[in-house]
Amino acid sequence: MKIGIPKELTSGEKRIATPPDAIKKLVNMGAEVFVQAGAGEGASISDTELVESGAKILEDASAIYKTADIILKVQRPTVNKADGIDEMSMLREDTILIGMLSPHFNKPQVEEYARKGVVAISMEFIPRISRAQSMDALSSQSNIAGYKAVIEAASIFGRIFPMMMTAAGTVTPAKVLVLGAGVAGLQSIATAKRLGASVSAFDVRPAVKEQVESLGAKFVQVENIGGDNAETSGGYAREMSDEYKERQREVLYNCIKTQDICITTAQIPGQKAPILIDREMVHEMKSGSVIIDLAMETGGNCELSESDKVIDINGVKVVGYQNWPALVPKDTSSLYGRNLVNLMSLIVDSESGSLSIDWDDEIIKGALLTRNGSVVNQLLREMES
Ligand SMILES: NC(=O)c1ccc[n+]([C@@H]2O[C@H](COP(=O)([O-])OP(=O)(O)OC[C@H]3O[C@@H](n4cnc5c(N)ncnc54)[C@H](O)[C@@H]3O)[C@@H](O)[C@H]2O)c1
C-alpha cells in the first residue's frame, strides 16, 4: 500500500493532510508513505520531521501521483497557475483519492474523477453517525475555526472582552452575537464566554437552544409562526420560508445594533450560505464593532464581506477570510490527519496491511463519490434529480 501526500496547491492552504503523528500510524498499518518535499512547511513541519516519522520524501507532485495508489489531501486537486502543475492531469486510473473534495460545489470535477476511473472519497460526506465521529473532519476543522474566529475578533476589537472592576472604574463586558450554533458556532460561544464576553446566539434549529444556554449564552428567539420545519432528518438546517426570514431579519436588526462583535457561521449543506446581515444592518452597528464571517467558503453570511479581506464600513470591521482552519495549520492538520488515519483503519486489513474495503459499509457508502467509472454517491445523484 503506497500512500502519497502532495503539497497543497490551493492558495492560502497551509495544512498538510498527514503530519508526523499520522504518518507514524499509517506506517504502522503497513503503508509506505511518500510526501512531497516542503508539504509541511505551511504548518511549520520540516521534511526532516516527516522523514523521522517514517515518510519518504519525493521532490515533486508528479512523482507522488506516479508512485502512490492512495492520495491523501486536504483540498481537492487543483492547478497551480504559477508553475502550471495540474493535479487532475496527474491522477491515474484506480487511484484512491481522499480529501475535502467539496463535491456539492464542484460537480464537473467529480464527473472528471469518474471519467478517469479514480475512486474518490470526500471527507465532508462522512456520515454524522456515532461510529464515524473520529473521522468527522467537518467537525474537527469547524471547531478550531470557531475558536480562531473569536481570537481574531478580540485582536481587532479596540476593547477588552471581560468586565473589569478597577479602582479607576468599571469596564463593561463586550457583547458577542453568534449566528449559527453548529460545531463552529458553539465553539465560538464557549471561547467568547471563556474570555468574559456577554454572549447571545441565534440558530434556526430550535434544538440548539438548550446547548446555547448550557454554555451560559442567551438564545435569541425568532417566533416560528408558520411552523416551518427547520431541521432535516440528518440534523442539518433547511432553508426557511420568506415569512420566517422576514421575522428573523427584524429580530436580528434590533439585536445587532447593541452588539460589539458578530460571528456568523450559518450554513446549509450544498447551498450558498444565507445572508443574515445585510448592508443596512452593518450601517446600524456601532463604530468599532467587528463582524467575523465564518461562512465565506460558501459565499458568506454578511452581504458586505469580501473574500480574504478585512474591510471597514463606517468604523465597522468586516472580516471575510475564506479558510479559517488554515490560520491554525498545525492543530487543524493534526486533527485532520487523525480523521484520515481513522478512516484508513476502516479500509485497511490490520493483519495483512493491505486494502480491504467494504463498499456496503455505511461510512464508505456515504463518503464515496466515484467508483468503476461512475458517480455513485446518493446525495449527489439526488441533487441532480
Ligand atoms: N457525529 C455527530 O453526530 C455530529 C457531529 C457534528 C455535528 N453534528 C450535527 O450536525 C448538524 C450540523 O452541524 P454543523 O456545525 O456542521 O452545521 P453547518 O456548518 O451546516 O451549519 C452551521 C449552523 O448554521 C445554522 N443555520 C443554517 N441556516 C441558518 C440561518 N438562516 N440562520 C441561523 N442559523 C442557520 C445551522 O442550523 C447550523 O447549526 C448539527 O445538528 C450538529 O449537531 C452531528
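The values are calculated or read from the model by the stated rules, or taken from the named source; none is laboratory data. As the structure is a computational prediction, the values presented were derived from the model and not from experiment. Positions of Cβ are generated from backbone atoms using ideal geometry, with glycine treated the same way; all protein chains shown enter the neighbour counts.
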The range 83-97 - residue that is of a type outside the set (D, E, K, R) and assigned to a helix (DSSP H, G or I) and, of those, surrounded by the most Cβ atoms within 10 Å (Cβ to Cβ): M90
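Answer yes or no: is there a residue in the range 66-82 that is part of a helix (DSSP H, G or I) and at pLDDT 95 or above. So that I can check it myself, show each step before the final result.
The first filter runs over the range 66-82 and keeps only residues part of a helix (DSSP H, G or I), leaving 66-67.
Subsequent filtering for residues that are at pLDDT 95 or above retains 66-67.
Yes, the range 66-82 contains at least one residue that is part of a helix (DSSP H, G or I) and at pLDDT 95 or above.
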Could you grab me the full set of residues in the range 190-207 that are in contact (Cβ under 8 Å) with a residue 40 or more places away in the chain and within 11 Å of the ligand (Cβ to nearest atom)? F202, D203, V204
Looking only at the range 228-238, count every residue that is surrounded by 14 or more Cβ atoms within 10 Å (Cβ to Cβ) and either within 23 Å of the chain's Cα centre (by Cα) or within 9 Å of the ligand (Cβ to nearest atom) (or both) and tell me the total. 5
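Look at E280 and say whether it is at pLDDT below 95 and acidic (D, E). Show your work before the answer.
Numbers: at pLDDT below 95: no; acidic (D, E): yes.
So E280 fails the test.
Quick check on this structure: which one of A273, A266 is at pLDDT 90 or above, under 19 Å from K209 (Cβ atoms) and within 10 Å of the ligand (Cβ to nearest atom)? Walk me through how you get there before you give the answer.
Numbers: A273 fails: under 19 Å from K209 (Cβ atoms).
Going through A273, A266 in turn, just one is at pLDDT 90 or above, under 19 Å from K209 (Cβ atoms) and within 10 Å of the ligand (Cβ to nearest atom): A266.
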Filter the range 208-227 down to residues that are surrounded by 12 or more Cβ atoms within 10 Å (Cβ to Cβ) and either β-branched (V, I, T) or within 11 Å of the ligand (Cβ to nearest atom) (or both) and give me whichever is farthest from the chain's Cα centre (by Cα). V222
Does L369 satisfy being buried (at least 17 other Cβ atoms within 10 Å of the Cβ) and either in the same structural domain as G299 (by TED's automatic domain parsing) or touching a strand residue (DSSP E or B) at 6+ places or on another chain (Cβ under 7 Å) (or both)? yes
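Only residues that are part of a loop (DSSP other than H, G, I, E, B), farther than 18 Å from V74 by Cα and in contact (Cβ under 8 Å) with a residue 12 or more places away in the chain: list them for the range 326-357, please.
The answer is S350, S352, G353, S354.
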Only residues that are assigned to a strand (DSSP E or B) and either touching a Phe, Trp or Tyr at 6+ places or on another chain (Cβ under 8 Å) or within 29 Å of S241 (Cβ to Cβ) (or both): list them for the range 154-206, please. V176, L177, V178, L179, V199, S200, A201, F202
Candidate set: the range 139-160, residues that are among the small types (G, A, S) and within 15 Å of the ligand (Cβ to nearest atom); chosen: the one surrounded by the fewest Cβ atoms within 10 Å (Cβ to Cβ): S139
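So that you can scan it fast, the table gives a plain yes or no per residue for (1) polar (S, T, N, Q); (2) assigned to a helix (DSSP H, G or I); (3) without any contact (Cβ under 8 Å) to a residue 60 or more places away in the chain:
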position: G99; (1), (2), (3): no, no, no
position: H104; (1), (2), (3): no, yes, no
position: R128; (1), (2), (3): no, no, no
position: R131; (1), (2), (3): no, yes, no
position: S134; (1), (2), (3): yes, yes, no
position: G146; (1), (2), (3): no, yes, no
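With respect to R159, is the statement that it is in contact (Cβ under 8 Å) with a residue 12 or more places away in the chain and either within 18 Å of Q259 (Cβ to Cβ) or not assigned by TED's automatic domain parsing to the domain that holds E93 (or both) true? Walk me through it before giving the result.
Numbers: in contact (Cβ under 8 Å) with a residue 12 or more places away in the chain: yes; either within 18 Å of Q259 (Cβ to Cβ) or not assigned by TED's automatic domain parsing to the domain that holds E93 (or both): yes.
Answer is yes for this residue.
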